[in-house]
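To start, the structure itself, in structure tokens.
The values are calculated or read from the model by the stated rules, or taken from the named source; none is laboratory data. Here the structure is a predicted model, which is why all the values come from computation and not from measurement. Glycine also receives a Cβ, built like all others from the backbone with ideal geometry; neighbour counts cover every protein chain displayed. Calculation scope for accessible area: heavy atoms of the full protein, side chains included, ligands and nucleic acids excluded. Shrake-Rupley method; radii C 1.70, N 1.55, O 1.52, S 1.80 Å.
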Amino acid sequence: MSSTELPGVRSTAESSSQVGAVRMAEGEQLRTVRLPGLEMTLRVRPPVRAGLPPALFVHGLGGSSQNWSALMGRLADAVDGEALDLPGFGWSPPPADRDYSVTGLARAVIRHLDAAGRGPVHLFGNSLGGAVSTRVAAARPDLVRTLTLISPALPELRVQRSAVPTALLAVPGMAGVLDRLTRNLSAEQRTRGVTQLCYGDPSRVTSDAFAAAVEEMERRLALPYFWDAMTRSSRGIVDAYTLGGQHGLWRQAQRVLAPTLLVYGGRDQLVAYRMARKAAAAYRGSRLLCLPEAGHVAMMEYPEVVEAAFRGLLNDTSGADVDVDVDAHTDEDTKG
């Protein structure tokens, strides 16, 4: 149900460099988009050639555009990619209206796409970003060419025990309690806990990448709006889970027209692996990629596998001449 600022893994060849206090993979650039009441930072990877279709990547709760660096780099020859920092996360300041609901975040994505004139895009979403992207695709099908969802945060009747702390953040006053209870934890301890929660195999994280994640954790904790953004976003997920009727996320999933790729991890502690079947039935004509060894952030753990699956989707929907080489540890049956 959540993801956070996570380190890269050994399978990516990109090295990080510092621009001020911002970490960027080689070849990335940052730019800021300013709209009335809204400012967002975008992590942009210039296309290797003109004419590539646009893509937009949306991170999960507590995460940032950096969560997509590995996958964006691998897809640089296939799409013109940019990843955004949702309002209040990464390097984007809070929205003026403090609206962190799934609908409010979807509105921010739509406003950016409308202002930039980039649609329709290949839209990617992880966790909370998956719920936001689903709402965008359902509300504005003209803006979405394909939809790729990695462990999307969709309502579950039986929430996994490891996801309960995230849900508790939505309870009024709980953020202050959690802040006091965890005040003595170092940034390194917090980062290790997040890594163990979100990765299927935390040993895949390199020591350099872990050190970078600790540094970013320290920066995030110092932000005056850190807990407010986390609390309001958590409340937004809970509210979206309880919303019924035509605005419910499962109903909106059924309204998505874009060809959809669903990616689920067998070791995901935040979004249940068993939800894969239900999601595959809800998104019409979708394809399902199950990775038994992956956790909550498959695009960071197995970027080469997610890349190959997306290239297959791209090839089948656009007729582009794209090579598909799904790695041996891919499991594309519908086990769930």
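Quick check: is even one residue across the range 149-161 part of a helix (DSSP H, G or I), modelled with pLDDT under 95 and surrounded by fewer than 23 Cβ atoms within 10 Å (Cβ to Cβ)?
Yes, the range 149-161 has at least one match.
Report those helices (runs of 4 or more DSSP H) wholly inside the range 220-336 carrying at least 3 residues which are open to solvent by less than 20 Å² (accessible area, probe 1.4 Å), modelled with pLDDT under 95 and over 12 Å from residue 151 (Cα atoms).
Helices (runs of 4 or more DSSP H) meeting the threshold: 226-242.
So which residues in the range 221-251 are farther than 20 Å from residue 139 by Cα and either in contact with a strand residue (DSSP E or B) (Cβ under 8 Å, 6 or more places away or on another chain) or without any contact (Cβ under 8 Å) to a residue 24 or more places away in the chain (or both)?
222, 223, 224, 226
Pick from 87, 93: which is open to solvent by 10 Å² or more (accessible area, probe 1.4 Å), in contact with a strand residue (DSSP E or B) (Cβ under 7 Å, 6 or more places away or on another chain), touching a residue at least 24 places away in the same chain (Cβ under 8 Å) and over 21 Å from residue 251 (Cα atoms)?
When all the criteria are applied, what remains is 93.
Scan the range 47-72 residue by residue and report those that are open to solvent by less than 20 Å² (accessible area, probe 1.4 Å) and in a helix (DSSP H, G or I).
If the condition is that a residue be open to solvent by less than 20 Å² (accessible area, probe 1.4 Å) and in a helix (DSSP H, G or I), then 65, 67, 68, 69, 70, 71, 72 are the ones that fit.
Would you confirm whether any residue within the range 102-109 is buried (at least 22 other Cβ atoms within 10 Å of the Cβ) and more than 17 Å from the chain's Cα centre (by Cα)? Walk me through how you get there before you give the answer.
Let us first name the residues in the range 102-109 that are buried (at least 22 other Cβ atoms within 10 Å of the Cβ), namely 102, 105-106, 108-109.
Remaining after also requiring more than 17 Å from the chain's Cα centre (by Cα): none.
No, there is no match, as no residue in the range 102-109 is buried (at least 22 other Cβ atoms within 10 Å of the Cβ) and more than 17 Å from the chain's Cα centre (by Cα).
Of everything in the range 169-219 that's assigned to a helix (DSSP H, G or I) and among the acidic types (Asp, Glu), which residue is modelled with the lowest pLDDT?
Residue satisfying both the conditions and the ranking: 179.
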